[in-house]
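These notes concern the structure reproduced below.
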């Protein structure tokens, strides 16, 4: 299972992963999940998100619509997802007393960015891969249902962050401090997404894109540093 919101391998045929040990049933479930994501993204990009139905995807994959919903609760989650493993990353990073919430959020974002950059590095045709990413991001940006779904994912992540931060500070989850801290931290997520889209223009190597995007996220994070330095509050 992925620990990221986007499975970039759905955009282009991925390189096979060797030596992965898993039971037969688990391998079949992963294969079905991947088939659904790959097929859905390809159809969405070709025909438009709104023009493709779950029934269309199921027919192409030769499975029932009910099976699709067993893997993905909504059509939007075939494009953007919040897997349990990413929630676990949030809980582990933000709950680490050895780092500030801002440092933890920067590490989470770095992992999300590395997911994209590692995929780009593995592609033989970098320009084709960049074009695929740009088309994907344009689809998300220009589709109201996907935009609403993305906002909902950010809200879910913010709720998780507030819960973890409140426990860490020994205050109620709905106290103003963990609430505003979580909201501010998740505000860095779209900063990274927008920077990635803008800087992934074909003139930079994947490593240069990582450095440039990271620099922009850090610039935004510096504006939060002073205010968030007071969390958790002294009791």
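The values are calculated or read from the model by the stated rules, or taken from the named source; none is laboratory data. This structure is a prediction, so every number in the text was calculated from the model and none was measured. When we count neighbours, we look across all protein chains shown, and the Cβ atoms used for this are built from the backbone with ideal geometry, even at glycine.
Pick out the one residue from 221, 138, 182 that is closer than 30 Å to residue 75 by Cβ and buried (at least 16 other Cβ atoms within 10 Å of the Cβ).
Result: 182 is the single residue among 221, 138, 182 that is closer than 30 Å to residue 75 by Cβ and buried (at least 16 other Cβ atoms within 10 Å of the Cβ).
What number goes with the only condition from (1) in contact (Cβ under 8 Å) with a residue 24 or more places away in the chain; (2) out of contact with any helix residue (DSSP H, G or I) (no Cβ under 6 Å at 6 or more places or on another chain) that residue 164 does not pass?
Condition not satisfied by residue 164: (2).
Among (1) surrounded by 14 or more Cβ atoms within 10 Å (Cβ to Cβ); (2) without any contact (Cβ under 8 Å) to a residue 12 or more places away in the chain; (3) within 30 Å of residue 165 (Cβ to Cβ), which single condition is residue 94 missing?
(2)
Do we have residue 110 as on the phi < 0 side of the Ramachandran plot, part of a helix (DSSP H, G or I), touching a helix residue (DSSP H, G or I) at 6+ places or on another chain (Cβ under 9 Å) and surrounded by fewer than 19 Cβ atoms within 10 Å (Cβ to Cβ) here?
yes
So, residue 82, is that one part of a helix (DSSP H, G or I) and either crowded, with 16+ Cβ neighbours inside 10 Å or modelled with pLDDT of 95 or more (or both) or not?
No; evaluated as a whole, the condition is false for this residue.
Restricting attention to helices (runs of 4 or more DSSP H) lying wholly within segment 125-235, give those where 1 or more residues are in contact with a strand residue (DSSP E or B) (Cβ under 9 Å, 6 or more places away or on another chain) and either on the phi < 0 side of the Ramachandran plot or outside the structural domain of residue 109 (by TED's automatic domain parsing) (or both).
Output list is empty.
State yes or no: is residue 177 surrounded by 14 or more Cβ atoms within 10 Å (Cβ to Cβ), under 22 Å from residue 93 (Cα atoms) and modelled with pLDDT under 95?
In short, yes.
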